[in-house]
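Enquirer: Dropping a structure here in structure tokens format, bear with me for questions.
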Amino acid sequence: VDEVRDIGATLRGFTGRILIDAPDHWPAHVAGHPPGALLTFVGLDRAGLGGGGWAAAFVIVAGSSATAAVLVT
């Protein structure tokens with residue numbers, strides 16, 4: 001999250017930093033996910049909700065709402 005300065009530039013260059021032999025490659029936990037996951041956590045951080053606790057709360061709420069959506073459907 002701290003490495004993202006410009007969201008547009010991050011999206012344009014995201015795939016170029018996935019491979020381990022790429023210069024300035026992403027860590028495995030970032031490269032293994034689509035860029036939307038990274039941008040979600042960047043958005044939380046910029047909204048003042050940075051850190052693992054807020055990220056975990058978001059993931060739990062999103063996962064729980066997906067379960068409820070399947071039941072409603």
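The values are calculated or read from the model by the stated rules, or taken from the named source; none is laboratory data. Given the structure is predicted, the values throughout are model-derived calculations rather than measurements. Because the Cβ atoms are built from the backbone with ideal geometry, glycine has one as well, and the counts that use them run over all protein chains shown. In case anyone asks, the SASA skips ligands and DNA or RNA and just uses the protein heavy atoms, side chains included. Shrake-Rupley method; radii C 1.70, N 1.55, O 1.52, S 1.80 Å.
Enquirer: So which trypsin sites (Lys or Arg not before Pro) in the stretch 1-58 are both in a DSSP loop and have at most 13 other Cβ atoms within 10 Å of their Cβ?
Expert: 5
Enquirer: Report in % the part of the accessible area of the chain that belongs to carbon and sulfur, leaving out ligands and nucleic acids; probe 1.4 Å.
Expert: Using a 1.4 Å probe with all protein chains present, the chain comes out at 67 percent carbon and sulfur.
Enquirer: Rounded to the nearest 500 deg cm²/dmol, what is the calculated helix-only ellipticity per residue at 222 nm for the chain, with -39500 (n - 2.57) per DSSP H run of length n ≥ 4?
Expert: -18000 deg cm²/dmol
Enquirer: Taking one equal scatterer on every alpha-carbon of the chain, how large is log10 of I(q)/I(0) by Debye at q = 0.12, 0.20, 0.25 1/Å?
Expert: After summing over all Cα pairs, the log10 values are -0.41, -0.90, -1.13.
Enquirer: Label residue 62 and residue 3 with points 7 Å out from Cα along Cα→Cβ: what is the distance between them in nm?
Expert: The modelled label-to-label distance comes out at 1.9 nm.
Enquirer: From the phi angles alone, apply the Karplus equation (6.51, -1.76, 1.60; θ = phi - 60°) to the stretch 50-67 and give each ³J(HN,Hα) in whole Hz, x where the residue is Gly or Pro.
Expert: With the stated coefficients, the stretch 50-67 comes to x, x, x, x, 5, 5, 5, 4, 4, 5, 5, 5, 5, x, 5, 5, 5, 4 Hz.
Enquirer: What accessible area per residue, rounded to a whole number of Å², is obtained for the chain using a probe radius of 1.4 Å?
Expert: Using a 1.4 Å probe on heavy atoms only, each residue of the chain averages 71 Å².
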